[in-house]
Each structure stands twice: as C-alpha cells, then as structure tokens.
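Here, each number is a calculation from the coordinates, and none is a lab measurement. Because the structure is predicted, anything quoted here is derived from the model rather than measured. Every residue, glycine as well, gets a Cβ built from its backbone with ideal geometry; the counts of neighbours run over all protein chains shown.
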Amino acid sequence: MKVITILGARPQFIKASALSREILKRKEVEEISIHTGQHFDANMSEIFFEEMGIPQPKYNLGINSLSHGAMTGRMLEEIERIIIDEKPDWVLVFGDTNSTLAGALAAAKLHIKVAHVEAGLRSYDMKMPEEINRILTDQISDILFCPTQTAIDNLHAEGFDKKKTRLVTTGDIMYDSAMYYRKMLKKPIGLKSKDGFILVTIHRQENTDDVAKLNNIVTTLNKLADKGHHVVWPMHPRTKKKISEAKLSLNFEHIEPVGYLEMLYLLENSSIVITDSGGLQKEAYFFNKYCLTLRDTTEWMELIENNVNQLVKVDNKNMLDVILENLNNKIDNSSNLYGDGQSAKVIVDNLLSFS
Ligand code: UD1
Ligand code: UDP
C-alpha cells in the first residue's frame, strides 16, 4: 500500500511524526511525503524533521506567503502532478490548513482515496479560513479519523451518518506525539524566565490581522508583566511581523518559535497557558495546565465542558481581570479526553483494512 502524506504547516509535522513512526513498523506500507513549503523558516519546519526524526519529504514545493486562493491553487496544481506520477493508494491529510485542502482536493479529483486525520472538528465560524478547509476536506474524504466523540457528533449533524464515508474515532494523534517525546524535552537555550511562567502563543488571523485585537493582547500581557508575572511567548513569524508593523512594544520575554522538544519543556514548566492555537489547547490539558483561549469559539469543546479551558473574547475590555481571576486555576486531566496515545496504530490499521 502506498500512501502520500501532505505536510506544510508546523502542527502537521508534529501529527505526522506519530504516523510515520507507525508506518515504518509496517512492511506492507510505503509512505512518501510532500511538503508544500507553507512553513519554511528553519525554526518552523526543518527543526521538527531533525529533532523528531521525521522522514524527509521526497518533494518540497516551496509554496508560501501567498493569499489563500493563490497558495491553495498553486499547491493543488503541483500536488496533482505528483499524484499522477506516484499513483498512491491513499493521500493522507492532517488538520485544516491550506495544504490540507489542496492535498485532499487534488486527490479526490483523481479518484485517489483521501484520509483526513483530525476530521469532524468545527468552530461554526465560517470567517475562519480553517473552518472552510475542514468542512470541504471532510466532504471529499473517504475515511475520516476523528479525535473525539464531539467530532463524530458534528459529522452526524451534517448528515455523515447517511453517507458512505467511513468514520473512525481514533483519539488525538497529538497525544501520541506528546506521550512519545515527553521524555526528550529540552530547555530552550537562553530562556530567562524561571519556571512557573505564563506560556503564551498567538497566531490566528482573527487576532493578528486586527490591530485593535493585537494591541489589546499585547497591552494586557504588558500589564501582567508590570504586576510581576513572568510571561514567555514564542512568537509565530506572522505575529512578529504584525507586532512590528503596528510598532507595539513588549515588556516580557518573547522568543523565536521553538522546536517541539523545547515546547514540551515550556508546557511542563509553565503555570498556565494563554493561546489561540488549536494544538496548544490540548497540550495544556496533556500537561495538566489550565488554558485561557483568546478566541470566541473553539473546536475542542470538551475542554470547555470539563472546565479546563475557558474562552476569552479578545475585544473584552476586562481581559486583564479575566486572566488575573483565573491565573491560579488547577486542573485534573485524569478523564483522558483524547484517548490512549495509540491513534496512529488505529489509523494505519484502518487504511489497510479499507475496501
Ligand atoms: C497556518 C494555517 C493555520 C495554522 C498555522 C499553524 C492556513 C490558512 N493557516 O497559519 O491554520 O494554525 O499555520 O502555525 O493554512 N511565515 C514566515 N515563516 C514561516 C511560516 C510563515 O515568515 O516559516 C509567514 C508567511 O510569510 C506569512 C505568514 O507567516 O506571511 C502566515 O503564514 P501562513 O502559512 O499563510 O499562515 P499561518 O498563520 O502560519
Ligand atoms: N509549537 C512548537 N513551537 C512553537 C509553537 C508551537 O513546537 O514555538 C507546537 C505546539 O506545541 C503544537 C503545534 O506547534 O504541537 C501547534 O501549532 P500552531 O499553534 O502553530 O498551530 P495550530 O495547532 O493552531 O494549528
């Protein structure tokens, strides 16, 4: 069985690491990966392949820094060409980026089976580019690997219970990765803040492209720092660019994006996580940390329902008060919301048994 895996953005490398490791154990499966090039800085791409031992992609398309349509369109054209050449049995896509949609669409039009890992998630906010990518990818996939029962329920509500698409609950593949690499975590070189810091990541279009929202986030974090709280923010290049364009100044520790092993150190040694990242919301839970999510919605509703995560509106004038009120919240992650860390095995078994 030949599988083409589509990679492009940071969270996809982390998800793919678990799957590639499982595939390497199976003699009957050959994996080739295509890196679209969507993320391209060394600390947004190469570092993950090196640190995590992810097999090198056979192709790197070098497509990035374009508008949504241009980026997706160029990826579609290039991926189609490779699929025609390689004739895979499956094209496997992860998550909800432009690379995900381009890979799924190229394959579906060529009648190559599509498997979507992290399927069925919904924020019900069509303004998010990710929501459009998810919905369309799910519609054209043959098998949907869902991390949670919430995801399955979302798909049923859209009529998938009456369709031929195979739905499989797998648990969350990011949990596979966190469990496997946890023992290898590394302190980021040069980190100044003492353990117990507030870990922050922000990169969503809705927060970075709206200057008022970005300003409110930065001002709030500055005030937190003024009150003596230590903040560590590994900054996504998109956010760095927007902060610099808006000429905002920061009075807390902000560092370059870190590798996954360094990120695991930051998670382990933080007191609380403040983020708009999908992945970080779950990782906060894996590492038993309360999470404040600076968004109006989340796809990971079970975290909210279990009181381990709270949505905080970024246009909220009282954002600082909300953060201060919740800074010392502790959580209990023994409910295992995301499976047993064996998603990759379930995924490969299902690809092999699919007919
Ligand atoms: C993308 C995904 C988002 C995902 C995120 C993970 C889409 C629509 N968005 O958002 O769902 O949560 O990845 O991090 O697919 N840039 C660099 N260096 C890099 C990567 C990006 O400078 O290595 C710059 C680009 O030039 C661009 C900006 O960051 O100006 C945004 O990059 P892009 O890939 O379009 O979207 P992300 O915000 O990274
Ligand atoms: N991550 C990382 N280094 C960083 C920031 C994030 O390794 O500096 C990891 C993080 O631990 C998680 C993934 O990248 O596994 C999440 O990616 P991101 O927040 O960019 O995207 P999202 O999950 O929101 O799509």
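Before moving on, here are some points about what is shown:
Yes or no, residue by residue, for (1) touching a strand residue (DSSP E or B) at 6+ places or on another chain (Cβ under 7 Å); (2) part of a loop (DSSP other than H, G, I, E, B); (3) surrounded by 19 or more Cβ atoms within 10 Å (Cβ to Cβ):
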site: Arg81; (1), (2), (3): no, no, no
site: Ala119; (1), (2), (3): yes, yes, yes
site: His156; (1), (2), (3): no, no, no
site: Ala178; (1), (2), (3): no, no, yes
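- Residues in region 10-38 that are assigned to a loop (DSSP other than H, G, I, E, B) and out of contact with any strand residue (DSSP E or B) (no Cβ under 9 Å at 6 or more places or on another chain) were compared, and the one that is surrounded by the most Cβ atoms within 10 Å (Cβ to Cβ) is Arg26.
- Filtered residue count, region 186-244, keeping only those that are over 26 Å from Asn64 (Cβ atoms) and charged (D, E, K, R): 8
- Among the residues of region 183-196, not a single one is in contact with a strand residue (DSSP E or B) (Cβ under 6 Å, 6 or more places away or on another chain), surrounded by fewer than 18 Cβ atoms within 10 Å (Cβ to Cβ) and not in a loop (DSSP other than H, G, I, E, B).
For (1) touching a Ser or Thr at 6+ places or on another chain (Cβ under 9 Å); (2) within 16 Å of ligand 2 (Cβ to nearest atom); (3) aliphatic (A, V, I, L, M), each residue gets a yes or a no:
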residue: Thr275; (1), (2), (3): yes, yes, no
residue: Ala284; (1), (2), (3): yes, yes, yes
residue: Phe287; (1), (2), (3): yes, yes, no
residue: Arg295; (1), (2), (3): yes, yes, no
residue: Asp321; (1), (2), (3): no, no, no
residue: Asn329; (1), (2), (3): no, no, no
residue: Asn336; (1), (2), (3): no, no, no
residue: Asp340; (1), (2), (3): no, no, no
residue: Leu351; (1), (2), (3): no, no, yes
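- No other residue among Leu248, Leu294 is at negative phi, among the aliphatic types (A, V, I, L, M) and touching a strand residue (DSSP E or B) at 6+ places or on another chain (Cβ under 7 Å) apart from Leu294.
- The listed residue being out of contact with any Pro (no Cβ under 8 Å at 6 or more places or on another chain), among the hydrophobic types (A, V, I, L, M, F, W, C) and within 18 Å of Gln38 (Cβ to Cβ), out of Val168, Val91, Val114: Val91
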